[in-house]
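One structure below.
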Amino acid sequence: MNVVVQEETTGCGIASVANVLGKTYAEMKAIANAMGIYAEDTSLWSDTHYVRRLLSHAGIKTSADELPFESRETLPNTALLSIKHHQENGKDFWHWVVFKRDQGEAAVLDSASYLPSNIRKDFDDMQPKWFIAVDA
């Protein structure tokens, strides 16, 4: 599995969609910018609308709601996970990652540039709060 690493500190949403669609960060950023979506907009990590719009633009369907995370075994084969939940001035923020299950092998594609490996299997450490099912 190849993982797209975010090229901007706030680009996890763009990188996660690139990981779902198999595009480079630059390709996905150009598409996002053309749609009025920019990594500098902190709403990317406090609103699900932007990643849903990017996926929908590519013809990918997502679940209508955010679904509570219960276990990796109950996740669909592809999902956007919200991790690193925190609040700033009463507003929720998170980091986007992509869960993928391929031939029974489960992993998380985490675009954070500071990680030693962007393919993660440390599910307990990530503590996802909820997910968006992705029909990829």
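The values are calculated or read from the model by the stated rules, or taken from the named source; none is laboratory data. Everything quoted here is computed from the prediction, not taken from an experiment. Counting neighbours? That spans all protein chains shown, and the Cβs are built from the backbone with ideal geometry, glycine included.
Here is the figure for the stretch 102-127: residues that are modelled with pLDDT of 95 or more, of a type outside the set (A, V, I, L, M) and in contact with a Lys or Arg (Cβ under 9 Å, 6 or more places away or on another chain) total 1. Which members of the stretch 68-122 meet the condition of being touching a Pro at 6+ places or on another chain (Cβ under 9 Å) and more than 23 Å from residue 47 (Cβ to Cβ)? If the condition is that a residue be touching a Pro at 6+ places or on another chain (Cβ under 9 Å) and more than 23 Å from residue 47 (Cβ to Cβ), then 72, 101 are the ones that fit. Count of the stretch 42-62 residues, restricted to those that are surrounded by 13 or more Cβ atoms within 10 Å (Cβ to Cβ) and in contact with a Phe, Trp or Tyr (Cβ under 8 Å, 6 or more places away or on another chain), is 5.
When you scan the stretch 97-110, do you find a residue that is surrounded by fewer than 14 Cβ atoms within 10 Å (Cβ to Cβ) and closer than 20 Å to residue 15 by Cα, even just one? Before the answer, list the steps.
Taking the stretch 97-110 as the starting set, the residues that turn out to be surrounded by fewer than 14 Cβ atoms within 10 Å (Cβ to Cβ) are 102-105.
Filter once more, keeping what is closer than 20 Å to residue 15 by Cα: 102.
Checking the stretch 97-110: at least one residue is surrounded by fewer than 14 Cβ atoms within 10 Å (Cβ to Cβ) and closer than 20 Å to residue 15 by Cα.
When the residues of the stretch 23-69 are filtered to those that are polar (S, T, N, Q) and without any contact (Cβ under 8 Å) to a residue 24 or more places away in the chain, the one that is farthest from residue 127 (Cα to Cα) is 33. Filter the stretch 23-38 down to residues that are in a loop (DSSP other than H, G, I, E, B) and at negative phi and give me whichever is surrounded by the fewest Cβ atoms within 10 Å (Cβ to Cβ). Restricting to residues being in a loop (DSSP other than H, G, I, E, B) and at negative phi, the top hit is 35.
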